[in-house]
Amino acid sequence: MSAIIEQAPKDPLTRLLNGVCVLLAVVVFAAMGVDRWKRAREESLVEQREQALVTARWAAVQSVRDAKDARELAAAFRQIDPSLLGDVAFSNGFRETVGRWYARDIRFALGMVEGLPDFHRKQALEWGQHYYQKESELFLESTMKVLEGGSRVGLIMMIFQELGESDPAKGLALLPGLETEPVRHAAIHVFFREWAKVNYRAAFEGVAVSLSNPREQVSGYAAAATAP
């Protein structure tokens, strides 16, 4: 016992340094523990946010699916967090829902489109293009009604491009319904251009028969002449 006492440091400075070392060790270990706790908490918060996003996304898609008419659909979109509207998963769910509308009833689908915000209206009409042949006049009427400006022109050009390629007779029947510029001018140009690619002579004859306005005739002939 006396030997142990003899070995104990008698210098106060040495004892102080030993105490400081012990204290530093405790502080280091405590800091490491706090750091691990912080990382674990951050990971938990990230996981919670991701889960909340999944839940919000699912709820947003479900609210759109549950809407029974354009009024309910418009109300559903007003409740959706704007940050979700550009989310890929939400867009996929929305597109699937729009496809169900068209498959169920084109008239119902076009009625629902009226309840959508502008950007989503354009999307829904674009996604339903391949259904337009069943109700072409209604589809065209809806496009003219719910879209404005460049969105309207762009979509109608796509419709008449396909008509020029696949059903010129129906395109000719629908042209008189396009009474406003620049929609009519754009439709005439793309329609006769695409028709001429399929049947050059018939497209030129179609210009002469269907267009009475000299300016429109010039535009139609010029468009047909650009076909390879």
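The values are calculated or read from the model by the stated rules, or taken from the named source; none is laboratory data. Predicted model, so just to flag it, every value in this text is computed and none were measured. In this analysis, Cβ positions are derived from the backbone assuming ideal geometry, glycine residues included, and neighbour counts consider all displayed protein chains.
Quick notes on this one:
- Residue selected from the range 103-136 under the condition at pLDDT 80 or above and of a type in the set (Phe, Trp, Tyr), by the criterion surrounded by the fewest Cβ atoms within 10 Å (Cβ to Cβ): Phe119
- Scanning the range 196-228 for residues that are hydrophobic (A, V, I, L, M, F, W, C) and under 24 Å from Leu147 (Cβ atoms) yields a single hit, Ala223.
- Close pairs (7 angstrom Cβ cut-off, 6 or more residues apart or separate chains): touching a residue at least 12 places away in the same chain (Cβ under 8 Å) in the range 150-166, of a type in the set (Ser, Thr, Tyr) and part of a helix (DSSP H, G or I) anywhere: Arg152/Thr143; Leu155/Thr143; Ile156/Thr143; Ile159/Tyr132
- Here Phe139 clears all of (1) at pLDDT 90 or above; (2) in contact with a Phe, Trp or Tyr (Cβ under 9 Å, 6 or more places away or on another chain); (3) hydrophobic (A, V, I, L, M, F, W, C) except the condition numbered (1).
- Of the residues making up the range 163-183, those that are farther than 15 Å from Val209 by Cα, at pLDDT 85 or above and surrounded by 18 or more Cβ atoms within 10 Å (Cβ to Cβ) number 2.
- Some residue of the range 199-222 being touching a Gly at 6+ places or on another chain (Cβ under 6 Å), under 20 Å from Val153 (Cβ atoms) and buried (at least 21 other Cβ atoms within 10 Å of the Cβ): no
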